[in-house]
Amino acid sequence: MDIRFDGRVAIVTGAGGGLGRCHALGLAARGAKVVVNDLGPGAHKVVAEIEAAGGVAQAHGADVANAAEVADMIAAAEKAWGRIDILVNNAGVLRDKSFAKMEMADFQRVVDVHLIGSANCTKAVWNGMRERNYGRIVFTSSSSGLYGNFGQANYGAAKAAMVGLMNVLHQEGAKNNIRVNTLAPTARTAMTENLLPADAAALLSPESVTPGLLFLVSENAPSRVILGAGAGAFAVAHILESPGVYLAESERTPETIAARFAEISDLAHAAPMENAFGQTFKFTSLAARAAKDGF
């Protein structure tokens, strides 16, 4: 079955170029009305592209880190089209330096745009999605946040935060059919053009990522998925936890942990946690089982 967005209204932030532009074009090509958000003039150019192809779009220049400007963007979209069904949190900036040399103002700005900006936009559409019992939200993470990258402490911290936000909103939105996912793309964009080798950059087109995004906001989308995408390849990342080892009170020392760390960290039977209490109940179950067995 074809994935379509006819009758749906979508917002794509940071859509004046790069990944956001491709996401906006992809949604519009499959029937969505699209709010193209960007601080620069690129948003109007993308709207023109969408309209030239027969689609429907409007531009808005909200700074996602500014809650009042975000509220204005949502109000304009709702006035024109009545609701928001899909939100793609894509806006981002880079301020790369090693942590030793990084000014905290640059740390703050990156966190403000990526994390606070995503939270601002999501908060602005959340109640409407709950009332209509429909919503599809994507946060944009990065391998820098999932796995680390030298010189990107600010960016990595903000991008790792996307996963935490997704995990909670997945739970809070489930009863209202709001599905929340995270895209972790790698692509050749204005933000990355000076960071990638030429041969890799040639393969990493933004267009090669967008099919993954369209799946994550589709009618039958999953929820709480971290989808990696780049160069036409797609993978799912998981946060796993080892089964754990119970230590009797007499052994509960850092020395015992050091001696048994290979066992404690063994991932042979690792599993993801459904929620925070999953870990709590696992640990208490280990303790209760040990007590029952006379450990």
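Of all the options 104, 129, 162, the one that moves most in a Gaussian network model of the chain with Cα springs shorter than 10 angstrom is 104. Of the beta bridges in the chain, as assigned by DSSP with both residues counted there, near 20 percent are antiparallel. Peptides 244-253, 38-47 ranked from most to least packed give 38-47, 244-253, packing being the mean of other C-beta atoms within 10 angstrom over each peptide's residues.
Taking 7 Å steps out from each Cα toward its Cβ at residue 207 and residue 51 produces label points 2.4 nm apart.
On a C-alpha basis, how far is the centre of region 32-77 from the centre of region 274-289 in Å? Whole number, if you could? Rounded to whole Å, the Cα centres lie 46 Å apart. Centre-to-centre separation between the Cα atoms of region 124-177 and those of region 205-226: 14 Å. Each peptide in 260-273, 85-98 gets a packing score, the mean of other Cβ atoms within 10 Å over its residues, and the list from highest to lowest is 85-98, 260-273.
If you run the Gaussian network model on the chain, springs between alpha carbon atoms under 10 Å, then out of 21, 179, 188 the most flexible one is 188. For a paramagnetic label modelled on residue 293 (point 7 Å from Cα along Cα→Cβ), amide N atoms under 13 Å away belong, within region 239-275, to 244-248. Estimated at 0.36 nm per residue, the fully extended path between residue 286 and residue 242 surpasses their Cα-Cα distance by 14.6 nm. The label-point distance for residue 219 and residue 76, in a model that sets each label 7 Å from Cα toward Cβ, rounds to 3.1 nm. For the chain, the mean residue ellipticity at 222 nm estimated from helices alone is -13000 deg cm²/dmol, where every DSSP H run of n ≥ 4 contributes -39500 (n - 2.57) and the total is divided by all residues, rounded to the nearest 500. Among the lysines, select those whose C-alpha is under 29 Å from the C-alpha of residue 33, and discard any that sit fewer than 8 residues away in the same chain. Within reach: 45, 79, 123, 159, 175.
Which of rounded, prolate or oblate describes region 240-292 when judged by the alpha-carbon gyration tensor and an a/c cut-off of 1.5? If you can, show how the numbers build up before the last one.
Working: a/c = 2.23, a/b = 1.26, b/c = 1.77.
Oblate shape, in that a/c is at least 1.5 and b/c is the bigger or equal ratio.
Bridgeable aspartates and glutamates around residue 292 (alpha carbons under 20 Å apart, same-chain partners fewer than 8 residues away excluded): 249, 251. In the chain, the C-alpha radius of gyration followed by the widest Cα-Cα span (Dmax) gives 21.5, 74 angstrom. For region 253-270, 3J(HN,Hα) computed residue by residue from phi via the Karplus equation (6.51, -1.76, 1.60; θ = phi - 60°) reads 10, x, 5, 5, 4, 4, 5, 10, 5, 4, 5, 4, 9, 5, 9, 4, 10, 5 Hz, glycine and proline entered as x.
Largest GNM mean-square fluctuation among 113, 236, 70, using the chain with Cα springs under 10 Å: 236.
Rule-based calculations on the coordinates, nothing more; no lab input. Predicted model, so just to flag it, every value in this text is computed and none were measured. As a convention, Cβ positions derive from the backbone with ideal geometry for all residues, glycine included, and neighbour counts pool all protein chains shown.
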